[in-house]
Amino acid sequence: VKSEKDLSPVILRTRAAMQAQARAWRKTGEVIGFVPTMGALHDGHLSLLHTAKAQASKCVVSVFVNPAQFAPGEDFERYPRDEAKDLELLAAAGCDAVYLPDIEEIYPRGNLTAVSVTDLSDRLEGRCRPHFFYGVSTVVARLFLHVLPDIAVFGEKDYQQLQIIRRMVRDLGFPIEIIGGPTQRESDGLAQSSRNAYLSPEERQAAGAVFSALHRASVRLKLGAAVEDALAEAEAHLKAAGFGPVDYFSAVDPDTFEDISSGPLASGQTARLLVAAWLGRTRLIDNLSASA
Ligand code: PAF
């Protein structure tokens, strides 16, 4: 019987220690799975870890709140952080190693290098948050080179991020298989997210409307509605539920993110519906597949 200590993940705080661990595992033939996170872990993250564990013999979770993907005035300072609870959850979930770098491990003083996945990073979420995906691709490339994984799992909740990482891996030839993990939802459909912690009880009640709006739009498209009508109805549904500004509610090609803005979907055509909308001071994003 293993003691609790044996079940605890190894904690690695430097690039050198992380790479040494990865190399040692590789030498003994282990397959390394990786789930990058910004902490404040919830069931959504743990389900990504379970996906990784199903395909790899050793799993690493990183916890690093990446300043490069927050603009001035965004929630970098108030982003939820709870290292002790994260470690407890990861131990219980059977994580093998936790990578907890500090800022200088990821961004050495005076560093000048960034990774940009152009075009895809400028659409939808990238139009609202121009710095965001450039910060994500830069940190994920660095994390990949520290963790040296065989596979890495990213949530479909951040669908545009997942597709950008897939493109980066393809373009740069990282020898890493990218796996999308299905979105974990609350009973009313709200996608699990660390930022849900910001919602007041009243806002939490209204927040399920994001998923119902997506679902209604996807049903309408299946039934042959024009894209512009399905999206207008979905946006009206959000407004009726008490949402403020809708940054975007769009239907796009699932790979290129080219806008699909008018008429019904062609038979067999698949679109991705993506939404970002404000509920009080909290910005919620979600997405769903739709096909005709
Ligand atoms: O999805 C996230 O939590 C972050 O964008 C990621 C991938 C960990 C990069 O900081």
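³J(HN,Hα) across segment 215-225 via Karplus (A = 6.51, B = -1.76, C = 1.60, θ = phi - 60°), whole Hz, x for Gly/Pro? For segment 215-225, the Karplus-derived couplings read 5, 4, 4, 5, 5, 4, 5, 4, 7, x, 5 Hz, x marking Gly and Pro. Each stretch of four or more DSSP H residues adds -39500 (n - 2.57); spread over every residue of the chain, this sum gives -11500 deg cm²/dmol at 222 nm. When Ser200, Ser218, Ser121 are arranged by Cβ crowding within 10 Å, least crowded first, meaning fewest neighbours, the order is Ser200, Ser218, Ser121. To the nearest ten degrees, helix 132-147 and the longest principal axis of the Cα atoms of the chain are 30 degrees apart. Amide H contacts of Phe64: Thr37, Met38, Gly39, each under 5 Å away and 5 or more positions distant or on a separate chain (H built 1.01 Å from N in the peptide plane; Pro and chain starts excluded).
Distant-in-sequence amide contacts of Leu190, defined by a placed amide H-H separation under 5 Å and a gap of 5 or more residues or a different chain, comprise nothing. Modelled spin-label separation between Thr256 and Arg170, with each label point placed 7 Å from Cα along the Cα-to-Cβ direction: 1.2 nm. Model label points for Gln55 and His215, set 7 angstrom from Cα along the Cα-to-Cβ axis, are 2.8 nm apart. Lysine pair count for the chain with Cα-Cα distance under 28 Å and sequence separation of 8 or more or different chains is 18.
Between the amide H of Asp286 and those of Val275, distances stay under 5 Å, these residues lying 5 or more places away or on another chain, with hydrogens modeled in the peptide plane. The relative contact order of the chain, computed from alpha carbon pairs under 8 Å that lie at least 6 residues apart in sequence, is 17 percent. Exposure proxy ranking for Leu145, Leu89, Leu214, based on other Cβ atoms within 10 angstrom of each Cβ and starting from the fewest, stands as Leu145, Leu89, Leu214. Counted by neighbouring Cβ atoms within 10 Å, the residues Val65, Val219, Val210, Val252 run from fewest to most as Val219, Val65, Val252, Val210. Let a ≥ b ≥ c be the square roots of the eigenvalues of the Cα gyration tensor of the chain; is it rounded (a/c under 1.5), or, if not, prolate (a/b larger than b/c) or oblate? Taking the square roots of the gyration eigenvalues as a ≥ b ≥ c, the chain is prolate. Using a simple spin-label model with pseudo-atoms 7 Å out from Cα toward Cβ, Cys128 and Arg195 lie 0.6 nm apart. A Gaussian network model of the chain, with springs between Cα atoms under 10 Å, assigns the largest mean-square fluctuation among Asp158, Asp119, Asp150 to Asp119.
Just to confirm my numbers, what's the Cα centroid distance between segment 31-77 and segment 156-195 in Å? When both Cα centres are located, 11 Å separates them. The angle between the Cα long axis of helix 43-55 and the main principal axis of the chain comes to about 60°, on a 0 to 90 degree scale.
Only four residue types carry charge here, +1 at the Cβ of Lys and Arg and -1 at the Cβ of Asp and Glu. Report the dipole size of the chain about the Cα centre in Debye, rounded to the nearest 20.
Dipole size: approximately 600 debye.
Each of Ser116, Ile32, Phe76 was scored by the projection of its Cα onto the charge dipole of the chain, and the greatest displacement toward the positive side belongs to Ile32; charges sit on the C-beta of Lys, Arg, Asp and Glu.
Calculated FRET efficiency, Glu74 and Gln19, Cβ-Cβ r, R0 41 Å, to nearest 0.05?
0.85
Available extension along the chain between Ser187 and Ala292 is 35.2 nm, counting 0.36 nm per residue and deducting the alpha carbon span.
With respect to the chain, whose longest principal axis is taken over its alpha-carbon atoms, helix 15-27 is tilted by about 80°.
Since every read-out is calculated from the coordinates, none of them should be taken as a lab result. The structure presented is a predicted model; accordingly, all values stated were derived computationally and were not measured. Reconstructed Cβ throughout: ideal geometry from the backbone, glycine too, with neighbour counts over all protein chains shown.
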